[in-house]
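Please read the structure below before turning to the comments.
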Amino acid sequence: MANWQDPQMTGASAAQVSVPRAARDVGLRSYMLSVYNYMASGVLLTGIVALLFFNSGYAERIMLGGGFLPWVIILSPLAIVFAMSFGANRMSTGTLQLLFWGFATLMGLSMSTVFIVYTGVSIAQTFFAVTAAFLGLSLYGYTTKRDLSGIGTFLIMGVVGILVAMVINMFLQSTAMAMAISVIGVLLFAGLTAYDTQRIKSIYYQVQDSEMLGKTAILGALSLYLDFINMFQFLLSFMGDRR
């Protein structure tokens, strides 16, 4: 879930009056397909980079070797998320695309540690479990008539609470607390998957400029990517078998 600001929008109701419903539906499907293609390609790129970095032997040497470089790798994706979220209006679609692929690549370097800690079988099992859950939750968010905006603030506050709890547990080193954080984290990002999907869908009807639609597709993909990856990491932390 990326905390990005929606690009400038104009009144959707007046602009949509002259557009046939069938045309709007086709446009929406094309828009959402673009979002999912970006998101899936980003996850695939992250997985490939993570596996190659692990197999090269550099992941263990760099990520577990201490020093400054591991922190650069870990924090760089966060810096890109903030740049994309708050600078989208000033960037071109091409720039956002480059940042998205750079983000997915850096996440791959960071995610290489899961291959060091967990067995390949448990990683694969968790990945397929999260994929199935993500598809179901995103489909629900896309098709439901229920307004999910009310739970959005609650879920985001929950994520902030989880981050604070994780920092505290870095000092406490409590196994029980870590388990609780993982379970709650899975539930929060499951809810955010449905919420973000509905939000991305609603943005399509509000943005009137094709350039802006291209930008919001990338930012929407970033949101769903983060939901997927976080759900995967939290689920793996208590479902995965350690080496």
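So which residues in segment 66-87 are surrounded by fewer than 11 Cβ atoms within 10 Å (Cβ to Cβ) and either small (Gly, Ala, Ser) or closer than 21 Å to residue 45 by Cβ (or both)?
Of the residues in segment 66-87, the ones surrounded by fewer than 11 Cβ atoms within 10 Å (Cβ to Cβ) are 66-68, 71.
Selection gives 66, 67.
Consider segment 87-133. How many of its residues are among the aliphatic types (A, V, I, L, M) and under 15 Å from residue 238 (Cα atoms)?
Our first condition is that a residue be among the aliphatic types (A, V, I, L, M); within segment 87-133, this holds for 88, 91, 96, 98-99, 104, 106-107, 109, 111, 114, 116-117, 121, 123-124, 129-130, 132-133.
Right, trim to under 15 Å from residue 238 (Cα atoms) and you get 114, 117, 121, 123-124, 129-130.
The number of residues fulfilling the criteria is 7.
Confirm whether residue 143 is within 30 Å of residue 212 (Cβ to Cβ), polar (S, T, N, Q) and free of Cβ contacts under 8 Å to residues at least 12 places away in the same chain. Break it down into steps so the answer makes sense when it comes.
Values: within 30 Å of residue 212 (Cβ to Cβ): yes; polar (S, T, N, Q): yes; free of Cβ contacts under 8 Å to residues at least 12 places away in the same chain: yes.
Answer is yes for this residue.
Here are 195, 204: which of them is of a type in the set (Phe, Trp, Tyr), more than 21 Å from residue 82 (Cα to Cα) and either in contact with a Leu (Cβ under 9 Å, 6 or more places away or on another chain) or surrounded by 21 or more Cβ atoms within 10 Å (Cβ to Cβ) (or both)? Working first, answer last.
Values: 195 fails: more than 21 Å from residue 82 (Cα to Cα).
Matching residue, one of 195, 204: 204.
What residue, of 106, 155, 187, is under 17 Å from residue 223 (Cβ atoms), surrounded by 12 or more Cβ atoms within 10 Å (Cβ to Cβ) and within 15 Å of the chain's Cα centre (by Cα)?
Values: 106 fails: under 17 Å from residue 223 (Cβ atoms); 187 fails: under 17 Å from residue 223 (Cβ atoms).
Exactly one residue qualifies, and that residue is 155.
Do any residues in segment 152-168 that are within 14 Å of residue 199 (Cβ to Cβ) have Cβ atoms under 6 Å from those of residues that are assigned to a helix (DSSP H, G or I), where the two are at least six apart or on different chains, and which pairs are they?
Cβ pairs passing all conditions: 152/195; 155/188; 155/191; 155/192.
Considering only segment 148-243, give the helices (runs of 4 or more DSSP H) lying wholly within it that have at least 1 residues that are acidic (Asp, Glu).
175-204, 210-239
Determine the pairs where a residue that is in contact (Cβ under 8 Å) with a residue 40 or more places away in the chain, located within segment 27-54, has a partner that is among the polar types (S, T, N, Q) and not in a helix (DSSP H, G or I) with Cβ atoms under 8 Å apart, the partner being 6 or more residues away or on another chain.
49/112; 50/112; 51/112; 53/112; 54/112
Yes or no, residue by residue, for (1) in contact with a Lys or Arg (Cβ under 8 Å, 6 or more places away or on another chain); (2) at pLDDT below 95; (3) closer than 20 Å to residue 196 by Cβ:
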position: 99; (1), (2), (3): no, no, yes
position: 104; (1), (2), (3): no, no, yes
position: 130; (1), (2), (3): no, no, yes
position: 139; (1), (2), (3): no, no, yes
position: 142; (1), (2), (3): yes, no, yes
position: 145; (1), (2), (3): no, yes, yes
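What is the residue count in segment 199-239 for residues that are under 19 Å from residue 31 (Cα atoms), among the polar types (S, T, N, Q) and touching a helix residue (DSSP H, G or I) at 6+ places or on another chain (Cβ under 9 Å)?
Going through segment 199-239 one residue at a time, the tally reaches 5.
Against the conditions (1) of a type outside the set (S, T, N, Q); (2) over 18 Å from the mean Cα position of the chain (by Cα); (3) surrounded by 12 or more Cβ atoms within 10 Å (Cβ to Cβ), where does residue 176 fall short? Just the number, please.
(3)
Could you check how many residues of segment 72-113 are touching a helix residue (DSSP H, G or I) at 6+ places or on another chain (Cβ under 7 Å) and among the small types (Gly, Ala, Ser)?
8
Mind checking which residues of segment 112-147 are assigned to a helix (DSSP H, G or I), closer than 18 Å to residue 243 by Cα and in contact with a Phe, Trp or Tyr (Cβ under 9 Å, 6 or more places away or on another chain)? Lay out the reasoning, then the answer.
Going residue by residue through segment 112-147, those that are assigned to a helix (DSSP H, G or I) are 113-117, 120-143.
Narrowing further to those that are closer than 18 Å to residue 243 by Cα: 113-117, 120-127.
113, 114, 115, 116, 123, 126, 127, listed by residue number.
The values are calculated or read from the model by the stated rules, or taken from the named source; none is laboratory data. The structure displayed is predicted, hence computed values, not measured ones. Every residue, glycine as well, gets a Cβ built from its backbone with ideal geometry; the counts of neighbours run over all protein chains shown.
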